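To keep things clear, I will list the structure first and then write my remarks on it.
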Amino acid sequence: EKPKEADPNALPDVPALDSVRGIVRDSKGQPIPGATVSIERWRRSVWEVLSTAKANKEGEFVAGPVARAQLSAVARADGFASQRKAVRTGARLEFSLKTGGVFAGKVVDALTGEPVKDCYLSGWSQRGDWWETGRTDEKGLFRFGSVPPGRLWIQVRPGCTDTALFLGQHAGRAASEL
């Protein structure tokens, strides 16, 4: 007899008091399958991810187990602006993501023009409704996939040389135009 295959739409079995549950929809109320929800806390001047979950085909997610505390939950999906909400463990959240964009770029050495790999980048919006981190790949490329419209700030951190130069695009505009 063949073993039963796991249901790819099944949610994890985590006790309600040790998790954060909810649904991710677009601004028209449609579910966003595959959206990522991370449960985070602010620690040492950065957001620390405690748990991550993917929304199923109905847009539902269960993240955990996480410590019982006041935390932050962030929903992200490519092409949508991320949304952050304060949450306590055991709560149920409803996210409604608005259309956003993708911010991609390349970090190069300002003297040689060579790509700089493994740079740590932080990005945030002027309005304070977006914060994301990432690293450059071996070609110096990076990508933030759930960015709101408006002015953005990008910081390149150690691992890069002081001569690193940032080149990027947001919604088809050069970084110098943002």
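The values are calculated or read from the model by the stated rules, or taken from the named source; none is laboratory data. Please read these numbers as outputs of a predicted model, since none were measured by experiment. Positions of Cβ are generated from backbone atoms using ideal geometry, with glycine treated the same way; all protein chains shown enter the neighbour counts. Accessible surface is based on the protein model in full, side chains and every heavy atom, while ligands, DNA and RNA are left aside. Shrake-Rupley method; radii C 1.70, N 1.55, O 1.52, S 1.80 Å.
For first residues located in the range 113-136 and more than 13 Å from A81 (Cα to Cα) and part of a strand (DSSP E or B), partners that are among the acidic types (D, E) and open to solvent by 60 Å² or more (accessible area, probe 1.4 Å) and lie 6+ apart or on another chain with Cβ distances below 8 Å form the pairs P115/E138; R135/D118.
When you check S51 against the structure, is it assigned to a strand (DSSP E or B) and out of contact with any Lys or Arg (no Cβ under 7 Å at 6 or more places or on another chain), yes or no? Against the criterion (assigned to a strand (DSSP E or B) and out of contact with any Lys or Arg (no Cβ under 7 Å at 6 or more places or on another chain)), S51 qualifies.
Here's the yes/no breakdown for (1) closer than 27 Å to V156 by Cα; (2) aliphatic (A, V, I, L, M); (3) open to solvent by 20 Å² or more (accessible area, probe 1.4 Å):
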position: E48; (1), (2), (3): yes, no, yes
position: A55; (1), (2), (3): no, yes, no
position: A69; (1), (2), (3): no, yes, yes
position: V102; (1), (2), (3): yes, yes, yes
position: D109; (1), (2), (3): yes, no, yes
position: T136; (1), (2), (3): yes, no, no
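Screening the range 25-48 for residues that are among the hydrophobic types (A, V, I, L, M, F, W, C) and out of contact with any Lys or Arg (no Cβ under 9 Å at 6 or more places or on another chain) and picking the one that is modelled with the lowest pLDDT gives V46. Residues in the range 57-67 that are small (G, A, S) and touching a strand residue (DSSP E or B) at 6+ places or on another chain (Cβ under 7 Å) were compared, and the one that is surrounded by the most Cβ atoms within 10 Å (Cβ to Cβ) is A63. Hey, among the residues in the range 138-166 that are over 20 Å from the mean Cα position of the chain (by Cα) and either surrounded by 13 or more Cβ atoms within 10 Å (Cβ to Cβ) or modelled with pLDDT of 85 or more (or both), which one's farthest from G113 (Cα to Cα)? Only one residue tops the list, namely G159.
Filtered by the rule that a residue be closer than 11 Å to P148 by Cα, open to solvent by 50 Å² or more (accessible area, probe 1.4 Å) and assigned to a strand (DSSP E or B), the range 84-100 gives a lone residue, T99.
When V62, V66 are checked against the criterion of being of a type in the set (A, V, I, L, M) and either within 18 Å of G134 (Cβ to Cβ) or in contact with a Gly (Cβ under 9 Å, 6 or more places away or on another chain) (or both), a single residue qualifies: V62. For S72, the conditions (1) of a type in the set (S, T, Y); (2) assigned to a strand (DSSP E or B); (3) closer than 28 Å to K139 by Cα are fulfilled apart from (3).
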